[in-house]
Amino acid sequence: MTSGEQLFWLPIHAFISCGLLYLIALNLFPRLKLLDFPERYGLKRARLPYPTGIISVGIFLCFFIALAQLGQQNSGILIGIILITITAFYDDRRQLPTSLRLGMQLLAAFLIFATGTHIFTITNPLITNGIIKLDTIRLPLAFFGNPPLLSGIFTMFWLLLTMNALNWFDGVPGQVSLLSSIGFI
């Protein structure tokens, strides 16, 4: 099979794997008492299997480990994702304090940045050459290759923003359906 054919079948395998694991979770999670808490949000409905998002993360991590070369940068991404997944799973069960969740998100964002994932520039049509460089000031962290300070601030801010954006709008009717449809299209 050529690499083009492998790339064609990869998302199909991921989709089928997620579908099968979700079907298993719908039957297994109630037995394991992994159900949501509708009463926390004033809802009057039966409890549903809740932490099924862990299936998508698990499938992603399996494909990521199988396909990515695990150097320093990809290891930082992997550790950051695992850290956020564990925090979110535990928060779904026990409701962690906001400060602890934010601290874990900051740690994950720092690990991702410090191991080599940087945003180096921001484009801006309102200035002359249109590019704001974020890599001009370097931090003296020899273990992490002296990362750029402004890039670190912006990268970590961007990661925190994207991690929390959907939570800020949680409860907006039709939000998940709309975003899922847009993502699919």
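The values are calculated or read from the model by the stated rules, or taken from the named source; none is laboratory data. This one's a predicted model, so the numbers in the text were calculated from it and none came from an experiment. FYI the Cβ positions are ideal-geometry reconstructions off the backbone, even for glycines, and counts take in every protein chain you see. To get the accessible areas, we keep the full protein, side chains included, count just its heavy atoms, and leave off ligands, DNA and RNA. Shrake-Rupley method; radii C 1.70, N 1.55, O 1.52, S 1.80 Å.
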TODO: Mind listing whichever residues of segment 135-148 are over 26 Å from I84 (Cα atoms) and in contact with a helix residue (DSSP H, G or I) (Cβ under 9 Å, 6 or more places away or on another chain)?
DONE: D135, T136, I137, R138
Open item on the list: If I go through segment 149-178 residue by residue, how many of them are modelled with pLDDT of 75 or more and under 21 Å from T85 (Cβ atoms)?
Closed with: 10
- [ ] Give the number of residues within segment 22-56 that are open to solvent by 60 Å² or more (accessible area, probe 1.4 Å), under 26 Å from Y90 (Cβ atoms) and either modelled with pLDDT of 85 or more or touching a Pro at 6+ places or on another chain (Cβ under 9 Å) (or both).
- [x] 13
Open item on the list: Among the residues that make up segment 2-21, is at least one of them at pLDDT 90 or above, open to solvent by 60 Å² or more (accessible area, probe 1.4 Å), in a helix (DSSP H, G or I) and farther than 26 Å from L83 by Cβ?
Closed with: yes
